[in-house]
1. What share of Cα pairs, in percent, lie more than 27 angstrom apart in the chain?
2. So, counting K/R as plus one and D/E as minus one, what does the shell of residues with Cβ under 14 Å around residue 291 add up to?
3. Once R0 is set to 41 Å, what does the formula 1/(1 + (r/R0)^6) return for the Cβ-Cβ distance between residue 123 and residue 41, expressed as a FRET efficiency to the nearest 0.05?
4. Extension gain residue 317-residue 249, at 0.36 nm per residue separation less the Cα-Cα distance, in nm?
5. Gap in Å between the Cα centre of the range 233-252 and the Cα centre of the range 124-146?
6. Using label points projected 7 Å from each Cα along Cα→Cβ, tell me how many nm separate residue 140 and residue 13, to one decimal.
7. Would you compute, from DSSP H runs of 4+ residues alone, the mean residue ellipticity of the chain at 222 nm, taking -39500 (n - 2.57) per run and dividing by the full residue count, rounded to the nearest 500?
8. Just the number, please: carbon plus sulfur as a percent of the accessible area of the chain, 1.4 Å probe, no ligands or DNA/RNA counted.
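The values are calculated or read from the model by the stated rules, or taken from the named source; none is laboratory data. In this text, all values refer to a predicted model and were calculated from it rather than measured experimentally. Glycine gets a Cβ as well: all are built from the backbone with ideal geometry, and neighbour counts include every protein chain shown. What goes into the accessible areas is simple: the full protein's heavy atoms, side chains included, and nothing from ligands, DNA or RNA. Shrake-Rupley method; radii C 1.70, N 1.55, O 1.52, S 1.80 Å.
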Amino acid sequence: MAKDSAGRPKRITMTDVARRAGVSQPTVSFVLNNRRDVAVAEETRRRVLEAAAELDFVPNRAAQLLRSNRSYTIGVVTNGIVSQPYAGLIVLGIQQVVQPAGYVCMVVDTTGDPRQGDDAVASLVGQGVAAILYASLSPKPLHRSARLDGIRTIFVNCWPEEGHADTVLLADEYGGGRAAAASVFSRGHREVAFLGGPRSDYACKERRRGFADAAREAGLRPSDLVQRFGDYSIGSGYDLASEVVLEHRPTALVCGNDRMAIGAMLALRDLGLDCPRDVSIVGFDDQPDVADQVRPRLTTAALPHLMLGRQAGELVLADPDGAPERITVDCDLIERESVGDPPRRRRQPTTGRRT
């Protein structure tokens, strides 16, 4: 590494890159700032990029900001994410896209009281952030600061309870629910129960709507199928599955999330039944280190938290003009061993339950 007269590491400049590439300093600036409005031959562009990499050139963002009046800071206002590694994939996805472009994310959590985040948002705006991204653990309306006039705002896995957002990014909960239910109907199951989360929850309502349409496609009336509601916990899945299996003897359970599905598996075990030989089970989320670790491994619809974050990051980097107001991201079905064909002969469940 080059050093100055005092023996300190010398900062590599665009002039150094220009000298190495054999081009002018303005040409280096055009290439490194991705100025596509200025004609630069592809061979010249390649030489500049190679020279910058060889010299380990790091752009001086502070100087760029002064010259261009452009911010390279993004404010991320989260609700219930920073303490949840799973939902933290949203923030990771944002960073994966924007950091290579030289942007820095400043994350503020407002889990305790969303309105207390107004001061933090005002501070971010005062620093001249390029955009504010709101992100939530679960899809729901979030408080939007009134101090965001003129600042680009994107809501990820949430939407503003008041005011306006340039873009709202949501997982396709309906499509995921439909795919999860279709995974058992397509195997021939007709006695299927839906074990959802809270009845009023947005995700539950959308997944239930998908379940109903999948049932209709299978020639069934949704109102004829058992539907129960819990709270997304393992205990809720256990209690609902125990009740439904003893009273209605379904051959498949479509659960509100992976945790409820695990509770249902535990209930089957205590009732002396096997998954999927006696009862197939489907979850929702594809929660890391959970859905693929239980036995049998869980068939589930995957929440695309990482992709939601990446798409949000791409929107920040893209031209805001013409950006769509609402984007939905697919919840892909992950097929594993917890779904099988309907049993040819039913085994009678035992009445043994946990105490």
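1. 57
2. Result for the local shell: -4.
3. After rounding, the FRET efficiency stands at 0.40.
4. Gain on stretching residue 317 to residue 249: 19.2 nm.
5. If you average the Cα positions of each part, the centres end up 39 Å apart.
6. Between residue 140 and residue 13, the simple spin-label model gives 5.4 nm.
7. About -11000 deg cm²/dmol.
8. Of all accessible area on the chain, carbon and sulfur atoms account for 48 percent.
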